[in-house]
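These notes concern the structure reproduced below.
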Amino acid sequence: MTTPSPVCWTHSDGLAVITVDHPPLNLLSAPVRSGLARALDQIAAHPEVTAAVLRCAGRSFFSGADLSEFDQAIAQPDLPTLVAQVADFPKPLVAALHGTALGGGFELALACPARIATVSARMGLPEIRLGLIPGCGGIARLTRLAGPAVALDLVSSGRTLGAAEAQSLGLLDAVSAGDLLTDARTLARELTAGAPPRPAPAPAPADLFDSFRGRTARRFRGQTAPAEVLACVERATAVPLAEALAAETEAFHRLEQGAQSKALRHVFFAEREARRLPDLPEGTRPLPIASVGILGAGTMGRGIAMSFASAGLPVTLIDKTQDGIDRATAAIAGTYARQAGRGQITEAEAAARRDRITTGTDIGALSQVDLIVEAVFEVMEVKQQVFRQLDAIARPGAILATNTSFLEIGRIAGVTSRPGHVLGLHFFSPAHVMKLLEIVRGAETAPEVLLTAVELARRIGKVGVVVGDCHGFVGNRMLARRQAAAGALILEGATPWQVDRVLHDFGLPMGPFAMADLAGLDLGWDRETSSGASIEECLCEAGRFGQKTKAGYYDYDETGQALPSALTDRLLVTLSAQKGITRREISDAEILARCLDPMIEEGRRILAEGVAARAGDIDTIWVNGYGWPAWTGGPMYWADHRGG
Ligand code: NAI
């Protein structure tokens, strides 16, 4: 039995309609490519057909190439060949876009003589996120249609466009507010009378390429694909189309074979794999979550409240003090106002999100919600006390979660009458921005509760990773090893700025000492018991609490710029002498190895203990929660692939 082709076409009154139906995403897999090539050949040769429309059935236009075909021999026709066939098609051809048209799918549309899209369609070239560039002429065609400035912006950011913006940039010929197919047919018929002339894109500023180079050197440090994007756009403005296309495809293949794209594809698949719970009993169903309560309106509680409210869930935010509530309310209003000010959301949406958050100081207000997230102080006795209270007031069946960074879930769950409905939901700061959610499974957490958390993470746009219960879980447990190593290094002779520079150059957003200054050195410091035995105690005793006092490990100038501090240097020299440590010059290579190797070792231990189910879960945690450079694949992938 042969499987039916995902591509079919019909014609009437001289107009052909090609429909591709390859659920769920209409990826440009091998059977789609061969079916499409065949249909185009037939239509080109058909004596009665004068024009054609290309559309997809289901949720979306082509959502891109099929990544599972990468690293294998590609079945012919490959995508560049198919896109070339589309570009050379001898009759007017209109691409009709709905849902999402991404990557190779959008490139295919760009190769058609005309494009129309529904009002809600989104399109873009996100290849950069996989360390790739569009390799089927997407850059060259985008540059010709919309100009080099737009091409650079879209391809280097990988951002998607709505239909209105795409039309204003000259990438769509029409937007359909009615029936897409009817409007696409009309457009195709108009084209048979001759294509209307296209307005030339606005000329680019003379220093476009140099200023892009300057602006992006820091943003893209360590990554190879952005330079290829720049080279391709620059070339597309200077050489004939055929030459630009050939060079683009070649650059694509170079990147595809390169270590960075392989690492980024690992990250892509690891993130998807993380959603799959390996040992879920058959038939497990998630519990419905229609309302959320949050206890503790500090730094984390506010961010967590916004994460849920922004995704449309009603939130009740409770703190023990009115002052805490007032500060949280102001901070939340400020964040949403800034989002609206930057054009990320409309004013109406900002107001709607704000209005979804009800506040108060009475814990009893949480008695009817489906899920409560606790974000009070990080002290076991306080958490246990709060969980006893929550257990008493929460409705039967409600899930109780803690946002603890380190404390064991089992000990918190143990004080309740519902340990099966208790788990950790470890958000990262700032919680409304950071993508990671560590979902901590206590020994007794029920499978449906875990599944609920995994689905909820997705619903609020987070990357949820299920981890086991231990001090610090996965991320912070590994981080603690790095912090200890960094602390030892500065007593042995490295400077905090050297350690920070080495880790920053590796691709991390910030080194441990810049991070400590940001978080505040006085967290956990007690003036009464301080003995000056550690560098942090010495700094705190000198009134240097970090960025908030304009002095910590670093000095800070009026603009907030961090500068190496001579005082910190002197304190370290004294402290080393007191501890009998002879200071010496330490190389960058030694710093990197001593900071990262213990983390990897801890990661391996975490895997052996089953605290993480897969090495890819650890990579997902570090890329999404700690800014580990995705183009190295995450710590575990990096450790297995370094050195080639
Ligand atoms: P925070 O000190 O900013 O906020 C704690 C809030 O809880 C305060 O507003 C306080 O008034 C309130 N609170 C204390 N006891 C309460 C009670 N019994 N009932 C109601 N409200 C009470 O602390 P932050 O930074 O928001 O941390 C909260 C939790 O989140 C901690 O467990 C922390 O370890 C965890 N966490 C913190 C991260 C961070 O970067 N700050 C990151 C991830 C987790």
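The values are calculated or read from the model by the stated rules, or taken from the named source; none is laboratory data. Every value quoted in this text rests on a predicted model; they were computed, and no experiment measured them. All Cβ positions, glycine included, derive from the backbone under ideal geometry; neighbour counts span all protein chains shown.
Observations on the structure shown:
- Exactly one residue out of 285, 272 is without any contact (Cβ under 8 Å) to a residue 24 or more places away in the chain, over 18 Å from residue 366 (Cβ atoms) and outside the structural domain of residue 314 (by TED's automatic domain parsing): that is 272.
- Hey, residue 77 in contact (Cβ under 8 Å) with a residue 60 or more places away in the chain and either assigned by TED's automatic domain parsing to the domain that holds residue 19 or over 18 Å from residue 160 (Cβ atoms) (or both) or not: no
- Scanning region 520-538 for residues being within 16 Å of the ligand (Cβ to nearest atom) and either at positive phi or in contact with a Gly (Cβ under 7 Å, 6 or more places away or on another chain) (or both) gives a total of 3.
- For region 18-36, a residue qualifies if it is outside any helix (DSSP H, G or I) and buried (at least 20 other Cβ atoms within 10 Å of the Cβ), and the qualifying residues are 18, 20, 22, 25, 26, 27, 28.
- Within region 263-294, tally of residues that are touching a Phe, Trp or Tyr at 6+ places or on another chain (Cβ under 9 Å) and closer than 22 Å to residue 620 by Cβ: 6
- Looking only at residues of region 94-108 that are crowded, with 24+ Cβ neighbours inside 10 Å and not small (Gly, Ala, Ser), we find that the one that is farthest from residue 245 (Cα to Cα) is 97.
Residue-wise test of (1) outside any strand (DSSP E or B); (2) modelled with pLDDT of 95 or more; (3) of a type outside the set (Lys, Arg).
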position: 388; (1), (2), (3): yes, yes, no
position: 416; (1), (2), (3): yes, yes, yes
position: 420; (1), (2), (3): yes, yes, yes
position: 426; (1), (2), (3): no, yes, yes
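- Where helices (runs of 4 or more DSSP H) fall entirely within region 539-644, those with at least 2 residues that are farther than 29 Å from residue 457 by Cβ are at 566-578, 588-609.
- Taking the listed residues 358, 335, 404, the one that is within 12 Å of the ligand (Cβ to nearest atom) and either modelled with pLDDT of 95 or more or among the basic types (Lys, Arg) (or both) is 404, with no other qualifying.
- Among the residues making up region 485-526, those that are in contact (Cβ under 8 Å) with a residue 12 or more places away in the chain, part of a loop (DSSP other than H, G, I, E, B) and over 22 Å from residue 602 (Cβ atoms) are 493, 495, 520, 521, 522, 525.
- Residue within region 340-347 that is within 15 Å of the ligand (Cβ to nearest atom) and modelled with pLDDT of 95 or more present: no
- Every pair of residues 6+ apart whose Cβ atoms lie under 7 Å, when the first sits in region 151-179 and is surrounded by fewer than 22 Cβ atoms within 10 Å (Cβ to Cβ) while the second is charged (D, E, K, R) and in a strand (DSSP E or B): 160/122; 162/122; 173/115
- Pair list, Cβ under 8 Å, 6 or more apart: region 340-367 residue more than 21 Å from residue 301 (Cβ to Cβ), other residue surrounded by fewer than 16 Cβ atoms within 10 Å (Cβ to Cβ): 340/346; 340/347; 340/349
- Filter result for residue 327 (assigned to a helix (DSSP H, G or I), under 24 Å from the mean Cα position of the chain (by Cα) and either within 12 Å of the ligand (Cβ to nearest atom) or basic (Lys, Arg) (or both)): no
- Within region 369-390, considering residues that are more than 24 Å from residue 473 (Cα to Cα) and in contact with a Ser or Thr (Cβ under 7 Å, 6 or more places away or on another chain), the one nearest to the ligand (Cβ to nearest atom): 369
- Residue check for residue 321: within 12 Å of the ligand (Cβ to nearest atom), of a type in the set (S, T, N, Q) and under 17 Å from residue 436 (Cβ atoms): no
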